[in-house]
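Participant: Here you go, one structure.
The values are calculated or read from the model by the stated rules, or taken from the named source; none is laboratory data. Note that the structure is predicted; figures quoted are calculated from it, not measured. Here the Cβ positions follow ideal geometry from the backbone for every residue, glycine too, while neighbour counts run over all protein chains shown.
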Amino acid sequence: MNARVVSGLAGVVFAVVTALVGLDQGAPARFLVLDTVLGMIFFGAGLLAWRRRPDIATGAALTLCGGLWFLGSYGPTDLGGLSAVGFSFERYYDVVLAWLVLTFPGGRRDRVARATVAVLAASFLIRSLTRLLVYDPPALNPAGCPGCPSNPFAVAPNAALLKTVEVATGTTIVAAYGVVLVLLILRRRAASLPSRRILWPVLASGVLAVAAAAYQAANLVSDVTRDRGLLTLEPPWDEVESWLLFGARVLIPIGIAAGVFRLRVAQGPAARLAVEVGTDRGPDRIETALRQALADPTIEVWHWDGGLRTWTDEHGAAGTLPQDGDGRSVLMLERHGTPVAAVAHDAVLLEDPGLLASVGAVLRLSLENDRLTAQVRHQLEEVHASRARLLAAADEERRRIERDLHDGTQHRLLGISMRMQDLRAHAETAGAPDVLFDELEAVALELREAMREMRELARGIHPAVLTNKGLAPAVRTLARRCTVPVDLDVALNGRLPPAVETAAYYVVAEGLANVARHSLASRSEVRLAVSSGVLVIEVADDGVGGASPDAGSGLRGLSDRVAALDGAMTVTSPTSGGTCLRAEIPRL
Amino acid sequence: MPAGRDTPTVIVADDSAVVREGVTRILTSGGFLVVGQARSADELLDMVSREQPALVVVDIRMPPSQNAGLLAAERIRERYGPQVRVLVLSQYLEPDYALRLLGAGVEGIGYLLKDRVAEASELVDAAHRVAGGGSAIDPDVVAELVRNTRGAARLARLAPRERAVLGAMAEGRSNRSIAGRLRLSVKTVEGLSAAIFDKLDLQPGPDDNRRVLAVLAYLDHRD
């Protein structure tokens, strides 16, 4: 923020100074305007790009170019030191621009490009120092140079040295520009579709500007060696030439700024990816979404199978994870230091450093979300299954107790009863007193009562008729035993799964028990029917209503039992009267 | 009672040895000739086809499946008809079992709670009735039907004595048996029975068995 403001102020100061210098020198209005305007375009584009993407150096570099442009424009003045500095350090912006277009949008590690820019910068520096220290126009011009400013920095004017250095550095600079041009063209050819979309304004304007710079550098060499330029142009062609060169320079800040703005647009894929990954549920949804979001049809998504310790593709097939290199790059997604997934992609996607980072963040979130969802779903299934198992085990245990009561305890009681009869017979034969007979009779009665109670107990634990004969007779018995008259409407064909029959039986039992206990009803109705694969159970009465579905652990336990079978139970009991207990259980 | 020419033969089937032995003793002293004891439904069917007894006393619960005894009883009714009568001993106070067993007819069929084994005379009485082609429904089972409030409401128009006679009729007793049990004269029972049929709008059946069916159907009716 502060650096940007300072740069902006520097731009304004430069523009004003340049305008004042131009006015002072009586420069033609055309040059005055062009020099100022081009510098301001550099500053403007640089500041815009800087504001848009403060994280990359492009914007700042462009404003630097603006400053260097203004500096160079003081060369052809008669302002002594200012002119010497301007002339010595002219066209440095071309070095910065070459570096900018080669590395755009920053973060590229290209050795050849770096070496080329280094050679370029070194040549510029050598030339600048030479010009600054050995070039003094009045001293070197034997014919005199009216109006030529003297160079206060020139310590040892030397025309021969200057010429040698000019030719050597000029030639090197032209060659370096040639390399830059080749690099730019190669980069354009290697770029993937999305990065071409970002890069083309930068590369196109870069090629133009570097070509212009190369032409001008070559022109200078030609001027020094042959005393004339490459092309001897008559008016108006010299005008056309200078306009073309100017145009090439104007285009570059605009092109680079446009590239920066496209970078911003290119971040959109992360958001688009988030949306697509979130909605699509196909097996290869991440791969498809990534390919679309990044316009890279070569993208492969790999998942790490921690159990098997292998990489699998989106369809679950095991394979070998591609390696970096050969134009491919692999983005590794990790969780707590262990790999989760990897994205193999075209290496050119690395050209926008923010892109893969944001896409990686979205993917990491999405994969984590998938993992948590799967985990919760798995746990839910486990709980569901274990609840059903618990219920089945409890039911089986009740059946077993009922069997044991009948086959064990009851037979034992019967055995005792029969021995009591034998005892009675023996007592009769032996002529026992009446008091003994009375006692035997009382014990026999107790025994019969015990057997009756045991029968009721066994039936309460598990009604055998439900297992043996099914829901309809079991419910008939419940209705028969209810103290409130019950209308039965049972429409069942054949048997249902045991768990369903048991749950339905308990729904009716609890419903009728509540009718008898709380409703004060005069009639009740039990309906059982199978409708589109679902057993519907209804126990209704014409009583006082107002029953709470939460009242009593009986209903809650029942609700759990029904839910364990994927069913649902509701209690409708308005205070205006009447209660209806309704349960629906899938037939499984 | 010594086994004579007219002594009815019987096979006792129960998976409990105690009960098997006990029932055998009671029936033997009650005038039956026990010609076999079966421990399973298959054994019973086997024995019946060999011995062709007059009566089978079978536990409703027997191996292999929970109600194999009941299934065997139904099979015997189907296959041998009136030649082999069946008295089922049951742990269950479920009228549905009794009613289903009765099916189309009540001749020579009985459904008694197992508790009755503790009352030798009741068991012997029921066995004789069934062996003689009659029927025997456990009084508790009849009570279960009668205690159905709907039935009770409809039975409210009967006098207490008439209700007692109705219950005894449902058990499968003849007028003579009812008279003996309620300490009434046969004539009185006949009168009460006519009054009951009149009040309940039932058609008096031509024989005791039809009468049982009509009464049971009436008691079980749910409208």
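Participant: Could you list, in sequence order, all residues of segment A:73-86 that are buried (at least 21 other Cβ atoms within 10 Å of the Cβ) and within 16 Å of A:Q216 (Cβ to Cβ)?
Facilitator: Answer for segment A:73-86, where residues must be buried (at least 21 other Cβ atoms within 10 Å of the Cβ) and within 16 Å of A:Q216 (Cβ to Cβ): just A:S73.
Participant: Can I ask one more? Determine, yes or no, whether A:L294 is surrounded by 19 or more Cβ atoms within 10 Å (Cβ to Cβ), within 27 Å of A:I198 (Cβ to Cβ) and of a type outside the set (F, W, Y).
Facilitator: Spelling it out, A:L294 is indeed surrounded by 19 or more Cβ atoms within 10 Å (Cβ to Cβ), within 27 Å of A:I198 (Cβ to Cβ) and of a type outside the set (F, W, Y).
Participant: From the list A:W69, A:W99, A:W50, which one is within 40 Å of the chain's Cα centre (by Cα), within 24 Å of A:I126 (Cα to Cα) and not aliphatic (A, V, I, L, M)?
Facilitator: Exactly one of A:W69, A:W99, A:W50 is within 40 Å of the chain's Cα centre (by Cα), within 24 Å of A:I126 (Cα to Cα) and not aliphatic (A, V, I, L, M), namely A:W99.
Participant: A follow-up question, please. Working only within segment B:13-51, note down all residues that are within 14 Å of another protein chain (Cβ to nearest Cβ) and in contact (Cβ under 8 Å) with a residue 60 or more places away in the chain.
Facilitator: Scanning segment B:13-51 gives B:D14, B:V19, B:G22, B:V23, B:I26, B:L27, B:S29, B:G30.
Participant: If you check A:A318, A:A271, which single one turns out to be surrounded by fewer than 16 Cβ atoms within 10 Å (Cβ to Cβ), at pLDDT 80 or above, hydrophobic (A, V, I, L, M, F, W, C) and in contact with a Ser or Thr (Cβ under 9 Å, 6 or more places away or on another chain)?
Facilitator: It is A:A318.
Participant: State whether the residues of segment B:82-89 include one that is surrounded by fewer than 16 Cβ atoms within 10 Å (Cβ to Cβ), out of contact with any helix residue (DSSP H, G or I) (no Cβ under 7 Å at 6 or more places or on another chain) and touching a residue at least 12 places away in the same chain (Cβ under 8 Å).
Facilitator: Within segment B:82-89, one or more residues are surrounded by fewer than 16 Cβ atoms within 10 Å (Cβ to Cβ), out of contact with any helix residue (DSSP H, G or I) (no Cβ under 7 Å at 6 or more places or on another chain) and touching a residue at least 12 places away in the same chain (Cβ under 8 Å).
Participant: Is it true that A:G511 is crowded, with 20+ Cβ neighbours inside 10 Å, farther than 22 Å from A:G460 by Cα and either touching a Leu at 6+ places or on another chain (Cβ under 6 Å) or without any contact (Cβ under 8 Å) to a residue 24 or more places away in the chain (or both)?
Facilitator: Answer is no for this residue.
Participant: Another question about this same structure. Hand me the list of helices (runs of 4 or more DSSP H) wholly inside segment B:122-223 holding 1 or more residues that are of a type outside the set (S, T, Y) and either modelled with pLDDT under 80 or in contact with a strand residue (DSSP E or B) (Cβ under 7 Å, 6 or more places away or on another chain) (or both).
Facilitator: B:139-147, B:149-155, B:160-170, B:208-220
Participant: Looking at B:R116, is it farther than 19 Å from A:M451 by Cβ and either β-branched (V, I, T) or within 11 Å of chain A (Cβ to nearest Cβ) (or both)?
Facilitator: In short, no.
Participant: I'd like the full set of residues that are closer than 17 Å to A:R476 by Cα and buried (at least 21 other Cβ atoms within 10 Å of the Cβ), limited to segment A:515-528.
Facilitator: Those that are closer than 17 Å to A:R476 by Cα and buried (at least 21 other Cβ atoms within 10 Å of the Cβ): A:V515, A:S524, A:V526, A:L528.
Participant: Please go through segment A:500-551 and give me each residue that is of a type in the set (A, V, I, L, M) and part of a helix (DSSP H, G or I), ordered by number.
Facilitator: Correct list: A:V500, A:A503, A:A504, A:V507, A:V508, A:A509, A:L512, A:A513, A:V515, A:A516.
Participant: Only one of these is under 15 Å from A:T572 (Cα atoms), modelled with pLDDT under 90, more than 10 Å from chain B (Cβ to nearest Cβ) and out of contact with any Pro (no Cβ under 7 Å at 6 or more places or on another chain): A:V507, A:V539, A:V526, A:V544. Name it.
Facilitator: A:V544
Participant: Which of the residues belonging to segment A:353-389 are under 30 Å from A:P498 (Cβ atoms) and touching a residue at least 40 places away in the same chain (Cβ under 8 Å)?
Facilitator: A:H384, A:R387, A:A388
Participant: A follow-up question, please. Pull up segment A:446-485, narrow it to residues that are hydrophobic (A, V, I, L, M, F, W, C), more than 14 Å from A:Y505 (Cα to Cα) and at pLDDT 90 or above, then point me to the one that is surrounded by the fewest Cβ atoms within 10 Å (Cβ to Cβ).
Facilitator: For segment A:446-485, the residue satisfying everything is A:L457.
Participant: Going by the structure shown, is B:V10 away from every other protein chain (no Cβ under 14 Å), surrounded by 17 or more Cβ atoms within 10 Å (Cβ to Cβ), touching a strand residue (DSSP E or B) at 6+ places or on another chain (Cβ under 7 Å) and within 21 Å of A:R403 (Cα to Cα)?
Facilitator: It is false that B:V10 is away from every other protein chain (no Cβ under 14 Å), surrounded by 17 or more Cβ atoms within 10 Å (Cβ to Cβ), touching a strand residue (DSSP E or B) at 6+ places or on another chain (Cβ under 7 Å) and within 21 Å of A:R403 (Cα to Cα).
Participant: Pick out the one residue from B:A68, B:A98, B:A72 that is within 13 Å of chain A (Cβ to nearest Cβ), over 21 Å from B:S174 (Cα atoms), in contact (Cβ under 8 Å) with a residue 12 or more places away in the chain and among the small types (G, A, S).
Facilitator: The match here is B:A68.
Participant: Moving on. Return the pairs, sorted by first residue and then second, in which the second residue is in a helix (DSSP H, G or I) and acidic (D, E), the first residue lies in segment A:116-138 and is without any contact (Cβ under 8 Å) to a residue 60 or more places away in the chain, the beta carbons are less than 7 Å apart, and the residues are 6+ apart or on different chains.
Facilitator: Matching pairs, first to second residue: A:R127/A:E166.
Participant: Okay, next question. Being away from chain B (no Cβ under 14 Å), more than 30 Å from A:L290 (Cβ to Cβ) and either under 34 Å from the mean Cα position of the chain (by Cα) or not hydroxyl-bearing (S, T, Y) (or both), is that true of even one residue in segment A:365-377?
Facilitator: no
Participant: Something else: Filter segment A:3-61 down to residues that are farther than 27 Å from A:V101 by Cα and not in a helix (DSSP H, G or I), then give me how many there are.
Facilitator: Of the residues in that region, 3 qualify.
Participant: Kindly state which helices (runs of 4 or more DSSP H) lie completely within segment A:385-499 and contain at least 3 residues that are within 59 Å of the chain's Cα centre (by Cα) and facing chain B (nearest Cβ under 8 Å).
Facilitator: Answer list for segment A:385-499: A:464-469.
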